[in-house]
Amino acid sequence: MAREEVYNKLNEVFCDVFDDDSIKVNDDTTANDIEDWDSLEHINLIVAVEKKFGIKFNMGEVNNFKNVGEMVDTIIKRVN
Amino acid sequence: MSISDWGFYILVTFAVILYYIVPIKFRWIVIFIASFVFVINANGYKLAIITMGIVLWAYLWALVIRKMHNKRVMKKIACCGAVGGIVATLFFFKEQIFFVNIGNSILAHVVDDFRLKSYEIISPLGISYFSLTLISYICEVYWETVTVEKNPLKFMAYSIYFPAMTSGPILKYNDSYKEITNGKKFDYVKFCYGLQRIFWGFFKKLVISERLSIYVSAVYSNYIEYNGLYILIASMAFTLQLYTDFSGCIDIIMGISELFGINLPENFDKPFLAKTLSEFWRRWHITLGVWLKEYILYPVLKSEPFQWIGSWSKDKFGKKTGKKIPVWIALMISWFMIGLWHGGAYKYIFGVGIYMGMIIIMSEALEPVFKSIKKILGINDQVFSWRLFQIIRTYCLFTFGLSFFRAESLSAGFDMWKNMLGNINPWIFFDSSLETLGLSVHDFRILNISIFVMAVIGLIPIKTGKSVRVWISEQNLFFRWFVWISLIISILVFGLYGTGYDASKFIYGNF
């Protein structure tokens, strides 16, 4: 799956989880950029991403994602 | 030996001198030896062997888990076994009596002649801290986010790193392992900063916390006579006492580490500026909060049963509320664990556990209600007075829970609050009643002035965006020396010492 395609799908997940259609994520997006993305919402997001792409993150990855770019790197590794 | 004894500082002095004498490559060995000496001295041989045994257990299981890289099920079993062993030991030393008593009170209703046995035992120093550090390491090895340490002595130096054995912080392998085991070059500025932070820690502990403790003890030990507002003031003072005691201890630990050039994770970040209780806990005992989040809250939330609860509650209550329900259940589990971690007693489980969780969940669940109340009353929440209200409210909410921490028991805690509400005595603010609670007028003034000094110093980083030590280092020579000499003199003159000029024990040193 190409990076662009991953981003399209990922953006849908973000809009859905945070109930905000104006969200546009990129490599540098972090929790600070999205108002409702706090430590508790983080797991809801992770689970929604897992479902969308049919993959599983391990807890080490969940705890250590520094930005959306790192999440996308992991998704690409898993799906391809 | 503990962090409040002279012996500890003699050990630190020798260790620091030796650390910079030996070549960089071998400096971790000095840390290991100092930690080893500390563990034996603080515990005696038997408990020291148990401490080493737990560390060795984690070290060996980590090697096994790494070997099972491709065997998913076996790897999971090994990880559960390794963590289970540490939890069982921690449980045996810290919680066993509490749960045996619960078990026996249940058994009393069922059978007459069978009771479980409990053992009055002293636990190894720092077991609540280093156990969590080791569990964190095993989980990270399992998740393959760290490289396994093969050198057992190096691993030991990290796991029993002696300053952190006394009151934390709880360490994460990726953040602190290299800090502790890579030899550091002598850095004059860092060394001075270390000394300064140690003195600041002593100021908080000996000048402020010890005076507050006299005040707090007078009310807590006689809350029938000292009722009404005395109790409210003593509880608020205890919050400050615990902060100056615990954060003072952490300052000393961080300062000692800086003498070796080692940076540890911060445990406090201006908690009294927090506007909500959940923000308060992100700023108070930070390393415990992060540990709970990464190793309990997240794995629980991500587990199958919680996913199922999530889908069920979304169907039942709609998307917005539904997705919060599993989070709230997991939060309550985490808060229960925080309470239990403080000790096997109902007062901890309620006061610093379930109560805190309930307030945090309720403030989230009732947010729409609060919003409409604000709207009806026409409250502007973008102004200073609203933020001040939030800060005071958070302090009060935290204080209510923490008052149980200090009380003799859970029921004594509730009795105290009943006595508080039972008598209205606002005149104690206007006569000299508050000045006679075990403290002389002289001590009372010193206490007020030093709290004021602490508050002013706390404002420096907020106003300048620099740490206090950096800000002071930029001032002129005369002013710098005036500050540091005044600090040392105030500790020597105004510090309240225990027997034999040892500092009194730190509250969080018991865990």
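Straight-line reach from B:Lys316: taking Cα to Cα under 21 Å and skipping same-chain neighbours fewer than 8 places apart, the lysines in range are A:Lys51, B:Lys302, B:Lys324. The modelled label-to-label distance between B:Ile49 and B:Arg115, using points 7 Å beyond Cα along the C-beta direction, is 3.1 nm.
The alpha-carbon of B:Lys185 sits under 21 angstrom from the alpha-carbons of these lysines, leaving out residues fewer than 8 places away in its chain: B:Lys25, B:Lys154. Charge dipole (Cα centre; +1 on Lys/Arg Cβ, -1 on Asp/Glu Cβ; no other charges) of the protein assembly as shown amounts to roughly 1000 debye. The B-A contact accounts for roughly 1700 square angstrom of buried accessible surface, both chains included, probe 1.4 angstrom.
At a probe radius of 1.4 angstrom, the accessible area of chain B per residue rounds to 49 square angstrom. Across peptide B:176-186, the average count of Cβ atoms from other chains found within 10 Å of a residue's Cβ is 0. Averaged over peptide B:320-326, the number of partner chain Cβ atoms lying within 10 Å of each residue's Cβ comes to 2. Near B:Phe268, the amide H atoms lying under 5 Å from its own belong to B:Ile286; only residues 5 or more places off or on other chains count, and H is placed 1.01 Å from N. A full extension of the chain between B:Ser385 and B:Phe14 corresponds to an added length of 128.4 nm, given 0.36 nm per residue minus the alpha carbon distance.
Taking all protein chains as they are arranged and a probe of 1.4 Å, the heavy atoms of B:Asp431 leave approximately 80 Å² accessible to solvent.
Running Debye on region A:3-79 with equal point scatterers at the Cα sites and no solvent, what base-10 log of I(q)/I(0) appears at q = 0.12, 0.15, 0.19, 0.28 Å⁻¹? One equal scatterer on each Cα of region A:3-79 leads to -0.27, -0.44, -0.74, -1.98.
3J(HN,Hα) along region B:96-104, derived from phi through the Karplus expression 6.51 cos²θ - 1.76 cosθ + 1.60 where θ = phi - 60°, amounts to 4, 4, 4, 6, 5, 4, 4, x, 5 Hz, with x in place of Gly and Pro.
Three principal axis extents describe the C-alpha atoms of region B:235-307; from largest down they are 46, 36, 17 Å.
Averaged over peptide B:303-316, the number of partner chain Cβ atoms lying within 10 Å of each residue's Cβ comes to 1. Residues of region B:118-149 that lose at least 40 Å² of accessible area (1.4 Å probe, protein heavy atoms only) when the other protein chains are present, relative to their chain alone, are B:Trp143.
The length gained by stretching the chain between B:Tyr188 and B:Val73 to full extension, at 0.36 nm per residue less their Cα-Cα distance, is 36.3 nm. Our coupling estimate for region B:307-313, obtained by passing each phi through the Karplus curve with A = 6.51, B = -1.76, C = 1.60 and θ = phi - 60°, is 5, 5, 4, x, 5, 4, 6 Hz, Gly and Pro reported as x. In chain B, taking the dipole from charged Cβ atoms about the Cα centre, the farthest positive-side position among B:Trp143, B:Ile360, B:Thr276 is held by B:Trp143. How much mean residue ellipticity at 222 nm does the protein assembly as shown get from its helices, if each DSSP H run of length 4 or more adds -39500 (n - 2.57) and you divide by all residues, to the nearest 500 deg cm²/dmol? Only helices count here, giving -22000 deg cm²/dmol.
Each of the peptides B:180-186, B:468-474, B:292-298, B:479-485 was scored by the mean count of other Cβ atoms within 10 Å over its residues; in descending order, highest first, they stand as B:292-298, B:180-186, B:468-474, B:479-485.
The values are calculated or read from the model by the stated rules, or taken from the named source; none is laboratory data. These numbers were taken from a predicted model, which means no experiment stands behind them. Cβ: placed from backbone, ideal geometry, glycine included. Neighbour counts: every protein chain shown. Quick note on the areas: whole protein, heavy atoms, side chains included, nothing else; ligands and nucleic acids left out. Shrake-Rupley method; radii C 1.70, N 1.55, O 1.52, S 1.80 Å.
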